[in-house]
Amino acid sequence: MSPRLTYVSSALLLICTFLSCKKESHSSTPPAPPATVYVLGVQNGSAYYWKDGTINPAFGVLGVLYNFGPSSLAASGSNVYIAGFQPSTTSQLYPYAPTFWLNGAPTTLADSTGSSANGTANSIAVSGGDIYVAGISGYDSQKDQVPWTNDSATYPITGSVATVWKNGTPVTLPGYSTVGLVDSGKSANRIYADYVTAIYVSGSDIYVSGGTSFESAAHARYWTNGVPVDLAGSLSYPGQNGSYGYPQSTGIFASGGDVYVSGLQQTTTGWTVAIYWKNAAPIFLSTDSLSGSVANSIYVAGSDVYAAGWQNINNYSRAMLWKNGTPTALTGNDTSSQANSVIVAGNDVYVAGVSWVAPNNYVATYWKNGSPVYLSDPSNSSIAYSIVVQ
């Protein structure tokens, strides 16, 4: 072989070796499959959920009642769980039965006596194979008055009591009650007026946000494993003409031993101000008490705290995302919108809500990193309340 051919063969060998090594050095694992996005909402007055944009009846049948919040939907594997309520068939005194649906099949939740409860299911979570539902149980209002014996006697309860069901077993949460004598001291009355807005489960810990809405006792609170923590503190105050200003909770999240609760604070102007609490210490997301704002949901990823809600800007409700207190409007000027739920998956931030799509209607929307995805045709009126990403 001539020297020239030897040089050419050697060069080709080096090139092939280089390309082979380069190819091996750039080998990588297959890309992760795209995320599956579930959104729960309402279209034309009936409940639906969207899976990757495809609409499905939320309850298997239309016309079932609901009181959706930021965590009214949960997903595990291929299973979809939704919390709501439906008309009760047991008694006219108990008109509503708290219920959750698994892939469209209903499970009615019982009260502490084992009977079908009267109340609503507002939030649901799935963890470790267990199903957690948070809501309220109602009591027979016609039994609130009994013959009075003494101030320390136990009397029947009336109203709504915060409740958590774990795999269908109810546990009532301690709430605020008002006790007073009526009918000239001949009978006594104890009233509960709890509300529940969201549930979050981490390991063996169960966190529930809510409070009470009974007249001057109205306030916000959350429960950790059934232990109540008051959020009202100095935020509740007497207003004019017998009115009362107080905070309300809307969502809850726990991370690193800290508990975060989103909500709103009523002000003397009649508007509300977006707020969240970290370990019961209030953090205001807005100082504008003349226009109005609300934080409807909260999520923590690492050291970042995300809150979603709305703020009145130039007389338009604008969907807002606050990251560590810094606000970002999700829609432009002269556009009405609202954010109801926020979740972080990997490096992506998802917010579910509603936006006006001119010139037709309000449309259920979620935003991925600020970019809108419309879930409905503008000819249909729709709104999104809860979002889950797998």
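Quick notes
- The lone criterion from (1) within 23 Å of residue 135 (Cα to Cα); (2) surrounded by 17 or more Cβ atoms within 10 Å (Cβ to Cβ); (3) at pLDDT 95 or above; (4) not charged (D, E, K, R) left unmet by residue 305 is number (1).
- Exclusive hit being in contact with a strand residue (DSSP E or B) (Cβ under 7 Å, 6 or more places away or on another chain), assigned to a strand (DSSP E or B), surrounded by fewer than 18 Cβ atoms within 10 Å (Cβ to Cβ) and not small (Gly, Ala, Ser), set 373, 388: 373
- Test: residue in the range 179-201 that is over 16 Å from residue 249 (Cβ atoms), surrounded by 13 or more Cβ atoms within 10 Å (Cβ to Cβ), touching a strand residue (DSSP E or B) at 6+ places or on another chain (Cβ under 6 Å) and at pLDDT 75 or above: yes
- The lone exception for residue 313 - which of (1) over 21 Å from the mean Cα position of the chain (by Cα); (2) aliphatic (A, V, I, L, M); (3) surrounded by 20 or more Cβ atoms within 10 Å (Cβ to Cβ) it fails: (3)
- Residue list for the range 286-302, filter: buried (at least 24 other Cβ atoms within 10 Å of the Cβ) and of a type in the set (A, V, I, L, M): 294, 295, 298
- Criterion: modelled with pLDDT of 95 or more, assigned to a strand (DSSP E or B) and among the hydrophobic types (A, V, I, L, M, F, W, C) - qualifying residue of 97, 162, 125: 125
- Selection count, the range 53-87, where residues are hydrophobic (A, V, I, L, M, F, W, C) and in a strand (DSSP E or B): 9
- Candidates 356, 367: the one that is out of contact with any helix residue (DSSP H, G or I) (no Cβ under 8 Å at 6 or more places or on another chain), more than 14 Å from residue 263 (Cα to Cα), at pLDDT below 95 and among the aromatic types (Phe, Trp, Tyr) is 356.
- Which listed residue, of 261, 351, is under 14 Å from the mean Cα position of the chain (by Cα) and more than 24 Å from residue 224 (Cβ to Cβ): 351
- Subset of the range 331-343 (residues that are buried (at least 16 other Cβ atoms within 10 Å of the Cβ) and either over 18 Å from residue 318 (Cβ atoms) or charged (D, E, K, R) (or both)): 343
- The criterion of being buried (at least 18 other Cβ atoms within 10 Å of the Cβ) and closer than 18 Å to residue 298 by Cα holds for residue 366.
- For the range 238-251, the count of residues that are surrounded by fewer than 19 Cβ atoms within 10 Å (Cβ to Cβ), closer than 23 Å to residue 126 by Cβ and either in contact with a helix residue (DSSP H, G or I) (Cβ under 9 Å, 6 or more places away or on another chain) or at pLDDT 80 or above (or both) is zero.
- Restricting the first member to the range 32-45 and to residues that are of a type in the set (Val, Ile, Thr), and the second to residues that are in a loop (DSSP other than H, G, I, E, B), the beta-carbon pairs closer than 8 Å and six or more apart or on different chains are 36/52; 36/390; 37/52; 37/53; 39/375; 42/66; 42/68.
The values are calculated or read from the model by the stated rules, or taken from the named source; none is laboratory data. Since we're looking at a predicted model, the values are computed, not measured. Positions of Cβ are backbone-derived with ideal geometry, glycine not excepted, and every protein chain shown enters the neighbour counts.
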